[in-house]
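The values are calculated or read from the model by the stated rules, or taken from the named source; none is laboratory data. Values in this document were obtained by computation on a predicted structure and should not be read as measured data. In this analysis, Cβ positions are derived from the backbone assuming ideal geometry, glycine residues included, and neighbour counts consider all displayed protein chains. Side chains included, ligands, DNA and RNA excluded: accessible areas come from the protein's heavy atoms. Shrake-Rupley method; radii C 1.70, N 1.55, O 1.52, S 1.80 Å.
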Amino acid sequence: MNKATIYILVLFFFIVSCEKSKVLPDPPIIVVPDDTTVVLPKYFHENTWIYEQMRLQYLWADDMPDEKSTDKNLEPVEYFYSLLRKDVDRYSYASSDYQEILDYWNGQLESYGFRYKKVRVDGEFGLAVSLVLKNSPAELGGLKRGDLIVAIDGEPLNPENAERLLERKGASFLIKNDEEYRLSLAKQKFQVDPLQFAEIIPWQGKKVGYLVYTQFLFEYEERTRALFQYFKDQQIDEMIIDLRFNPGGVTPNAEVMASLLGPDLGSSVELFHGTGNTYSQQQSILRGESPVGRRYFTNETSNLSHLSRLFVLTSKSTASSSELVINCLRPYRAVYTVGGYTYGKNLISTIIYDETGRYSFGLMPAWATLINAHGQSTYGKDGLIPDFPILEDEWPYMPLGDTTETLLRKALYAISPGESKKEFKKIEVLDGFHHWDTGKGFLGNKRYNP
């Protein structure tokens with residue numbers, strides 16, 4: 001039986017972008033006397049397959065319960081969660097539909113296409129739209145960053161019903177800005193363009209490059225290189241990359257991004273390393289390889305090697321590959337984070353599914369550790385601590401790239417102090433996340449929230 005394993009960060013990639021693992025055995029054949037009736041557990045074959053994949057791939061496979069003691073009557077996704085080491089593993093994920101996971105990491109999650117923060121403005125609960133993705137149903141429908149959603153389909157929002165109402169395939173949103181109006185949207189599957197916004201900002205006599213990058217996806221490397229070449233040709237003095245909305249993605253893309261943002265180091269300098277479970281380490285040794293997998297910077301002629309430092313905008317939704325870029329650049333360049341604590345995923349995950357189609361579920365277990373060249377990987381619990389902490393608690397939310405926007409302004413003032421002439425209203429922000437508009441599903445609110 002074949003399975004496809006796609007290495008990503010979440011999340012997520014380590015050694016290659018996509019490869020097929022060795023052929024794994026089918027569930028065992030049980031031979032019994034003719035006059036004996038054996039009733040197998042309801043999900044015996046599915047869960048036997050899951051256990052085998054986890055034994056081979058799961059970072060904490062040595063700590064899984066003995067297979068004989070597991071309950072194979074459990075529905076497969078529930079069985080997967082029963083194998084996890086719950087005291088340390090808040091990362092592994094499974095879905096009854098593997099396509100849901102694959103679509104997300106290809107940037108094709110079915111959604112309205114906006115992100116939001118849970119807030120109270122003048123005591124009223126609402127969803128403050130913090131990001132509207134390019135070419136999404138939300139953008140095409142007229143939704144804007146800074147809109148405040150206070151009701152869905154006529155039902156006033158509160159912290160308990162927001163996710164449930166967002167599960168719907170389409171809805172009417174009541175927007176409350178200076179005046180109220182309704183906006184009807186329908187979810188669609190669309191291709192995310194991670195290069196959300198980019199420009200050069202004149203600031204106190206300096207040229208500041210600014211890039212909002214929303215997800216680490218394949219096939220955007222060339223456009224990203226072209227953008228950085230533009231920054232380089234324009235001889236920017238400082239660089240701010242906005243990763244506050246970025247949950248991670250494919251590791252090779254993150255390696256390119258780190259190499260573009262870093263000094264000119266060639267392709268033989270370590271970016272990060274890590275180890276998998278005992279089985280994977282033994283297999284590496286048998287192949288004559290080091291059990292500590294290492295990844296290196298890539299040769300990038302468009303890199304910003306002339307800069308001495310980097311500013312990164314962060315939030316609790318900054319995770320995995322985004323944290324990799326920050327943590328793994330720090331041995332080589334001054335990197336300053338501005339905003340909130342990051343999520344804290346210092347591990348690489350892998351996607352596993354049965355490509356024969358026999359089983360519909362998909363698994364995404366923690367797969368390997370993630371450590372920078374100085375042996376640092378201490379952000380797995382609380383996330384990376386911001387160097388310039390600031391809450392996104394000023395209303396209204398200004399457009400991305402506006403020099404009065406809360407996080408960007410903080411970074412610009414760190415570069416060279418200035419003074420904002422705009423007055424903002426203070427609001428209550430309920431948590432540090434930029435929530436997904438799906439209401440459920442992979443990387444829905446239940447996924448990245450504690």
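Couple of notes before you dig in:
- For segment 339-374, a tally of residues being among the hydroxyl-bearing types (Ser, Thr, Tyr) and crowded, with 22+ Cβ neighbours inside 10 Å returns 5.
- Pick from segment 187-217, criterion of a type in the set (Phe, Trp, Tyr) and buried (at least 16 other Cβ atoms within 10 Å of the Cβ), ranking: nearest to residue 302 (Cα to Cα): 210
- For segment 136-167, filtering for residues that are touching a Leu at 6+ places or on another chain (Cβ under 9 Å), charged (D, E, K, R) and not in a helix (DSSP H, G or I) leaves 4.
- Verdict on residue 286 being over 27 Å from residue 380 (Cβ atoms) and open to solvent by 20 Å² or more (accessible area, probe 1.4 Å): yes
- Enumeration of residues in segment 159-175 that are under 21 Å from residue 392 (Cα atoms) and over 26 Å from the mean Cα position of the chain (by Cα): 175
- Restricting attention to segment 289-315 and to residues that are surrounded by 21 or more Cβ atoms within 10 Å (Cβ to Cβ) and among the charged types (D, E, K, R), the residue that is farthest from residue 374 (Cα to Cα) turns out to be 300.
- Counted residues, segment 57-108 - those being closer than 29 Å to residue 134 by Cα and among the aromatic types (Phe, Trp, Tyr): 5
- Considering 143, 157, 165, 131, the condition of being open to solvent by less than 20 Å² (accessible area, probe 1.4 Å) and out of contact with any Phe, Trp or Tyr (no Cβ under 9 Å at 6 or more places or on another chain) is satisfied by 165 alone.
- Just so you know, in segment 96-117 the residues that are in contact with a helix residue (DSSP H, G or I) (Cβ under 7 Å, 6 or more places away or on another chain) and open to solvent by 10 Å² or more (accessible area, probe 1.4 Å) include one that is farthest from residue 400 (Cα to Cα), and it is 96.
- Residue selected from segment 344-375 under the condition farther than 15 Å from residue 90 by Cα and of a type in the set (Val, Ile, Thr), by the criterion farthest from the chain's Cα centre (by Cα): 356
- Residue check for residue 187: in contact with a Lys or Arg (Cβ under 8 Å, 6 or more places away or on another chain) and not polar (S, T, N, Q): yes
- Restricting segment 72-95 to residues that are open to solvent by less than 30 Å² (accessible area, probe 1.4 Å) and polar (S, T, N, Q), the residue that is nearest to residue 47 (Cα to Cα) is 95.
- Tallying residues that are modelled with pLDDT under 95 and buried (at least 16 other Cβ atoms within 10 Å of the Cβ) within segment 377-395 yields 1.
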